[in-house]
Amino acid sequence: TMKIIIAPNSVHTTIHNNLLKDGNTVFNVSVLTLNTFKARFLNLGSDNVELKCQALHLIAQMKHTLTLLSDAFDFIDHQISLFNFALECHQLGIPYSTLPQETVKEQDIYRVCIALQPLFSRFDSISLSVSKVAHYDIYIYPCPVSAIDLTLIQALFNANAKTYTLSSFSSKVQICSALNPSLEAHAIAQFLAQNSELKTSILCCYRDWE
């Protein structure tokens, strides 16, 4: 069985050194970042450029038919935000029919999500993706991820993934899981891991992995 270790880049060298202590453990082992694991093994569509281009084109085409969000969708950032929301609902298995439609804004969001739905049909939900890799021996080292990825990681744990620990890796700074979809928290945490003597203040949400 292939062994997959999911960990941030900052600890890959330490993990490789640990694996090399026992020559037999190096074979059939992949040490990957979470994003690489997703791209290589999961059919979630998050990093699919073609999908995003199709979705943004569709949003731009229909924005003049919306009531409240028409002007907002002149800005590409707002289009991307709604694309991400619609895709994450799909990944989490949330039916668009259950989205609130109490306000005009919510009705606009609902209409866009329904229009985007056919684009997502060839991509899996998190639960379906995880079920396809459950036969692998997966280990996860605590790493900062976005809110959607916390759900993915929890699903992997529910499918019998295990926590990967490094006794030889220590840091005075506790790396936290920041709920930040832009993932600059990933870079901040790696910097802290490599500069543990520095004291800094980071606004983030702690998640206990033990």
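The values are calculated or read from the model by the stated rules, or taken from the named source; none is laboratory data. Keep in mind it's a predicted model, so treat the numbers as computed, not measured. Please note: Cβ atoms are built from the backbone with ideal geometry, for glycine as well, and neighbour counts cover all protein chains shown. For accessibility, only protein heavy atoms count, side chains too; no ligands or nucleic acids. Shrake-Rupley method; radii C 1.70, N 1.55, O 1.52, S 1.80 Å.
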Would you confirm whether or not region 106-125 contains a residue that is touching a Phe, Trp or Tyr at 6+ places or on another chain (Cβ under 6 Å), over 27 Å from K38 (Cα atoms) and open to solvent by 70 Å² or more (accessible area, probe 1.4 Å)?
no
Please determine whether any residue of region 3-15 is out of contact with any His (no Cβ under 7 Å at 6 or more places or on another chain), open to solvent by 70 Å² or more (accessible area, probe 1.4 Å), farther than 16 Å from D108 by Cα and assigned to a helix (DSSP H, G or I).
yes
Please go through region 79-102 and give me each residue that is without any contact (Cβ under 8 Å) to a residue 12 or more places away in the chain, out of contact with any helix residue (DSSP H, G or I) (no Cβ under 7 Å at 6 or more places or on another chain) and not small (G, A, S), ordered by number.
I94, P95, T98, E102
Out of all the residues in region 145-183, which are among the small types (G, A, S) and either at pLDDT below 50 or open to solvent by less than 50 Å² (accessible area, probe 1.4 Å) (or both)?
S146, A155, A159, A161, S170, S171, S177, A178, S182
Restrict the check to region 132-155 and report whether at least one residue is part of a helix (DSSP H, G or I), within 30 Å of L68 (Cα to Cα), in contact (Cβ under 8 Å) with a residue 12 or more places away in the chain and of a type in the set (D, E).
no
Only residues that are outside any loop (DSSP other than H, G, I, E, B) and over 19 Å from Q54 (Cβ atoms): list them for region 65-88, please.
A72, D74
Here is a check on your reading of the model: is Y96 within 17 Å of the chain's Cα centre (by Cα), over 16 Å from D47 (Cα atoms) and hydroxyl-bearing (S, T, Y)?
no
Considering region 37-64 alone, what residues qualify as being in a helix (DSSP H, G or I), open to solvent by 60 Å² or more (accessible area, probe 1.4 Å), over 19 Å from I5 (Cα atoms) and free of Cβ contacts under 8 Å to residues at least 60 places away in the same chain?
V49, E50, K52, C53, H57, Q61, H64
